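Notes for the one structure printed next.
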Amino acid sequence: MNTTQGHHLILGELVDFITGETIQDTHDERYRQKLAHLLVEDKGYIKEDIESRCNILVRAENKRAMVKIDFKVTLSGRTGMIIKYGPGSLVTRRRSALGLSRLASSYQVPIVVVTNGEDAEILEGATGKIISSGLESIPQKPQLVEMIKQAAYNRISSRQAEMESRVVYAFEVDGSCPCDDTICRL
């Protein structure tokens with residue numbers, strides 16, 4: 001049975017690969033599940049390394065919203081990589097993903113992945129520089145372990161967090177479709 005919620009086609013339900021929860025089956029969710037399988041089956045992560053659908057509170061003046069990071073990968077107690085999925089162009093997703101990497105922890109997350117499920121850009125969190133492209137270049141677990149060892153994990157000041165929050169709000173919330181279920185306006 002296919003239904004729609006806003007402009008999203010609901011294809012039924014599926015079981016989330018990472019959490020085991022039953023969730024709505026949409027085209028976007030199928031890409032997220034593809035990414036989850038890639039991380040575990042091809043890149044060597046275990047499900048316990050990965051937190052999915054992480055809520056991040058963002059603010060701009062008196063406006064607030066919860067924005068989701070699709071995947072947060074934590075190794076040895078430190079978040080080493082976030083993955084932000086969104087359909088369409090990757091270039092339009094870079095800046096908000098970098099902002100989220102500065103809000104996901106009290107320090108700069110070293111690796112930021114933006115993906116549309118078909119392609120990906122891997123960014124250095126501290127500089128925003130593209131270090132590789134393509135889903136196949138998402139770091140495997142041993143690679144990320146080495147990257148984490150070399151990362152500075154610079155603390156994010158409250159002023160920087162405030163500015164990054166505004167950037168994320170502008171990119172992810174302002175002008176977004178009211179039926180977008182990855183955002184919760186507060």
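The values are calculated or read from the model by the stated rules, or taken from the named source; none is laboratory data. Note that this is a predicted model, so its numbers are computed, not measured. Here the Cβ is made from the backbone with ideal geometry for all residues, glycine too, and neighbour counts use every protein chain on show. Keep in mind that these areas ignore ligands, DNA and RNA; they rest on the heavy atoms of the full protein, side chains included. Shrake-Rupley method; radii C 1.70, N 1.55, O 1.52, S 1.80 Å.
Listing for the model above:
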read-out	value
Those residues of the stretch 24-42 which are farther than 22 Å from Gly134 by Cα and either assigned to a helix (DSSP H, G or I) or open to solvent by 30 Å² or more (accessible area, probe 1.4 Å) (or both), in sequence order	Gln24
Filter result (within 19 Å of Gly44 (Cα to Cα), surrounded by 14 or more Cβ atoms within 10 Å (Cβ to Cβ) and free of Cβ contacts under 8 Å to residues at least 60 places away in the same chain) within the stretch 133-167	Ser137, Gln143
Residue in the stretch 27-47 that is under 28 Å from Ala170 (Cβ atoms) and β-branched (Val, Ile, Thr) present	no
Filter pass, Lys68 being closer than 24 Å to Ile46 by Cβ, surrounded by fewer than 22 Cβ atoms within 10 Å (Cβ to Cβ) and out of contact with any Pro (no Cβ under 8 Å at 6 or more places or on another chain)	yes
Failed condition for Gly77, given (1) of a type outside the set (Phe, Trp, Tyr); (2) over 16 Å from the mean Cα position of the chain (by Cα); (3) more than 29 Å from Ile148 (Cβ to Cβ); (4) open to solvent by 60 Å² or more (accessible area, probe 1.4 Å)	(3)
Residue that is surrounded by the fewest Cβ atoms within 10 Å (Cβ to Cβ) [pool: residues in the stretch 43-56 that are free of Cβ contacts under 8 Å to residues at least 40 places away in the same chain and either closer than 22 Å to Leu100 by Cα or of a type outside the set (A, V, I, L, M, F, W, C) (or both)]	Glu48
Any hit, the stretch 113-120, residues being surrounded by fewer than 18 Cβ atoms within 10 Å (Cβ to Cβ), small (Gly, Ala, Ser) and either without any contact (Cβ under 8 Å) to a residue 60 or more places away in the chain or in contact with a Cys (Cβ under 9 Å, 6 or more places away or on another chain) (or both)	no
